[in-house]
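*Asks:* What follows is a single structure, and I will ask about it in a moment.
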Amino acid sequence: MKSKISSSLIVNGALALICLLWTIPTIGLLISSFRDRIDVNTSGWWTIFPHKDWVSVEKITPAADVDRNVDMTFHGVTATFEQFIQGVEKDGQRFIWIGNRRIGYLEVQQYIWTSNASFTLENYKQVLASGDYTAKLKDGTTETKTGDNMSRAFLNSVAVAVPATVIPIALAAFAAYGFAWMKFPGRKMLFALVVGLLVIPLQIALIPILRDYVALHVNGTFLAVWLAHTGFGLPLATYLMFNYISELPRDILEAAFVDGASHFTIFTQLIVPLSVPALASFAIFQFLWVWNDYLVALIFIGASPTNQLVTQRLAEIVGSRGQDWHLLTSGAFITMLLPLAVFFALQRYFVRGLMAGSVKG
Amino acid sequence: MSTPRPDSTLKPPTGFSFVRTLLFTLPLLVSLFVLTWGFFFVRDLQLTKNSVPQLVIVLFAIIWGVGGVVLLFTTANFFVEQLPDTWTHRLQPFIFVGPAILMLTWALVIPTIRTIIASFFDEASVGFVGLKNFAYVFTNPAMLTVFRNNLLWVVFGTSFTVSAGLIIAVLSDRSRFETVAKALIFMPMAISFVGAGVIWNFIYAVKPVAAPQIGVLNAIYVAMGGQPQAWTAFFQPWNNFFLIVIVIWLQTGYSMVLFSAAIKGVPAEMLEAARVDGANEIQIFFQIMIPQIMGTIIAVSTTIVIFTLKIFDVVIVMTGGQYDTSVIATEFYRQYFTYNNNGIGSAIAVVLFIAVIPVMVYNLRQFAQREVF
């Protein structure tokens, strides 16, 4: 009995540790996205939790006639400027010079429990805003900032992700029904084509498709991305839908045929409603895939600033302002918002989709 | 598996008339016209300067794109169903299967052939150069680093993702907190590689020695007495591992979910019998569990091998392929878009293609054994 309790303790302890390790990266991002620009860049996000640190308790502004090139005395502590800049400790207090020699001041600090927990929505305002806007700073003044227009990119990502999910599913469902319940010459060969294309690396198709797009003048439009994602998603979609639809009980369909229903009626009235679980699991899969995609968007939408998607905007902020952590963290969180919501709401279907098709190219 | 179509009891038994057919073609023609018009409208709306709010363009594009597919299937089917029975019978399968096959052909089959052809031509796809591009790909020193890196990705990315997923699956199977734990481990799968790149760049962030470290890794490293490091840059070749960790973080959830389902499928009596025979938990894991779920292990490993073979986003976002972290897919991108070298770019893509052919053959063999066909 005792060994059972201790082994369950080890199991749960190890699991808790792994879970912590796995969530810390995301938690750090989330916390940082709500912190002020200066805070993010001067202290770790974990300092928002209570910890012991030197905290200012008093500010001494030396009189203008104090000679800063010789020993100075404040509150009975005597030291040179160079020593004060390093910090002088006495009776649990630290005297530290802030700023330069001429116009600096002295701070009296104590080592006590503290936390850097101050939060702001300013970062989100800046990444979402389109064009210039007036921001209120921490000290009450205002400043004109240029927004990163994530809101437009978000809209564009929706415009790409919805049709790029619906179109392949529609095509795949029709095709799966055709393969499962209709007889026609070349059926086996055509389905072998679908299976063969399951693992094809999409890199091999990018450039020829790009050339077609340039010829058709669709490069840089949503349409270009829809069609590409439709093509790349179709093999898996057709394969999964076929597996599901071909296993539906035959007698339901036969009864419908006897009643004189056409293939189209059976498909829309009977098969589609019955296939909702399979449709949903692939839809989530494809939606996340399209939403999170960077390569396809990069090549077919490119630098066109009006049509860029969230992943492209974020990658661009990484490239141009890689040290602006307050913007990067909030921008990243905006790109994650919708997929995480979809994921937590429909996790069950997502898992089912993964299990059904462990061979995506 | 033929499904006999009932007689045309639903259709008026009239003969085939030219006027009728023309009349029934009308919906199809109208919808084709609407779609073509919408195509130019959406395209020009996006490519030319205008004052239409983006929201309106987006809504119109979605309605046109989604509605167009529905419209096309419906009208095409309507047209086919008006034809004489034998023709309905013959053509209807192609209304169902045709669009998907056409898309696959245009988006995957033809491009693959075109890329393979382009790989034997020079950078502008004009002059035939034989195997010169492949000779470059396999002998250039920079390319050899690329292959080495990809090998690191495939070997370490796959083995760590698979073993971490397996360990977590076994642990969570014995825990009361299984659902919560699995959801947390699984969550990164919803995050894009670009987003994950930002998350991990922040973990690896480096500040000068005097300043407080804001990246978790350097904060820990400095607290233990080290000097702050630029983990993904000047730390070769180990910097590759700091990138691989990101994919392990993202993909372990996937392998965990599949292993978890497989473990639950191992018969309980089998485990019980082994315990009665005095086997300890480690023996049970290696001698019963592992052989039982071998199929899943192979399937998951294959998927992740293919995935790491094509890895692109993480590298391009984290280092841009600099500091000797370039991989096949980033090199492909660089050859094509930076150096405008279609020949070498295509040859690199063909190498990727050749690498997945064994899996493709395996899938086709499995398919050939299926009884449905």
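The values are calculated or read from the model by the stated rules, or taken from the named source; none is laboratory data. Computed from a predicted structure; not experimentally measured. No Cβ is skipped: glycine too gets one built from the backbone with ideal geometry, and neighbour counts run over all protein chains shown.
*Asks:* Could you list, in sequence order, all residues of the range A:175-220 that are surrounded by 24 or more Cβ atoms within 10 Å (Cβ to Cβ) and hydroxyl-bearing (Ser, Thr, Tyr)?
*Replies:* Answer for the range A:175-220, where residues must be surrounded by 24 or more Cβ atoms within 10 Å (Cβ to Cβ) and hydroxyl-bearing (Ser, Thr, Tyr): just A:Tyr177.
*Asks:* Can you list residue pairs whose Cβ atoms sit under 6 Å apart, with the first residue in the range B:89-116 being more than 7 Å from every other protein chain (Cβ to nearest Cβ) and touching a residue at least 12 places away in the same chain (Cβ under 8 Å) and the second being small (Gly, Ala, Ser) and part of a helix (DSSP H, G or I)? Count only pairs 6 or more apart in sequence or on different chains.
*Replies:* Final answer for the pair search is B:Ile95/B:Ala76.
*Asks:* Could you list all residues from the range A:144-164 that are among the polar types (S, T, N, Q) and within 17 Å of A:Leu337 (Cβ to Cβ)?
*Replies:* Start the filter on the range A:144-164 by keeping residues that are among the polar types (S, T, N, Q), which leaves A:144, A:146, A:149, A:151, A:156-157.
Within the range A:144-164, A:Asn149, A:Ser151, A:Asn156, A:Ser157 qualify.
*Asks:* Quick one: B:Val266 ticks every box in (1) part of a helix (DSSP H, G or I); (2) hydrophobic (A, V, I, L, M, F, W, C); (3) in contact (Cβ under 8 Å) with a residue 12 or more places away in the chain bar one, so which box is it?
*Replies:* Every condition holds for B:Val266 apart from (1).
*Asks:* Next up: Looking only at the range A:206-257, filter to residues that are closer than 30 Å to A:Gln308 by Cα, of a type in the set (S, T, N, Q) and part of a helix (DSSP H, G or I); which one of those is farthest from the chain's Cα centre (by Cα)?
*Replies:* So the first thing to find is which residues in the range A:206-257 are closer than 30 Å to A:Gln308 by Cα, and the list is A:206-238.
Still in the list and also of a type in the set (S, T, N, Q): A:219, A:221, A:230, A:238.
Filter once more, so that each one left must be part of a helix (DSSP H, G or I): A:230, A:238.
On the way: A:Thr230: 22, A:Thr238: 28 Å.
Looking at residues that are closer than 30 Å to A:Gln308 by Cα, of a type in the set (S, T, N, Q) and part of a helix (DSSP H, G or I), I get A:Thr238.
*Asks:* Return the residue satisfying two criteria in turn: it lies in the range A:267-305 and is more than 10 Å from chain B (Cβ to nearest Cβ) and part of a loop (DSSP other than H, G, I, E, B), and of such residues it is modelled with the highest pLDDT.
*Replies:* A:Ser275
*Asks:* Also: For the range A:352-361, does any single residue satisfy the condition of being at pLDDT below 80, buried (at least 20 other Cβ atoms within 10 Å of the Cβ), part of a helix (DSSP H, G or I) and within 9 Å of chain B (Cβ to nearest Cβ)?
*Replies:* yes
*Asks:* I would also like to ask the following. Can you pull out the residues in the range A:310-328 that are over 21 Å from A:Leu295 (Cα atoms) and either in contact with a His (Cβ under 8 Å, 6 or more places away or on another chain) or facing another protein chain (nearest Cβ under 7 Å) (or both)?
*Replies:* Just the residues of the range A:310-328 that are over 21 Å from A:Leu295 (Cα atoms), to begin with: A:323-327.
A:Trp325, the sole residue that qualifies.
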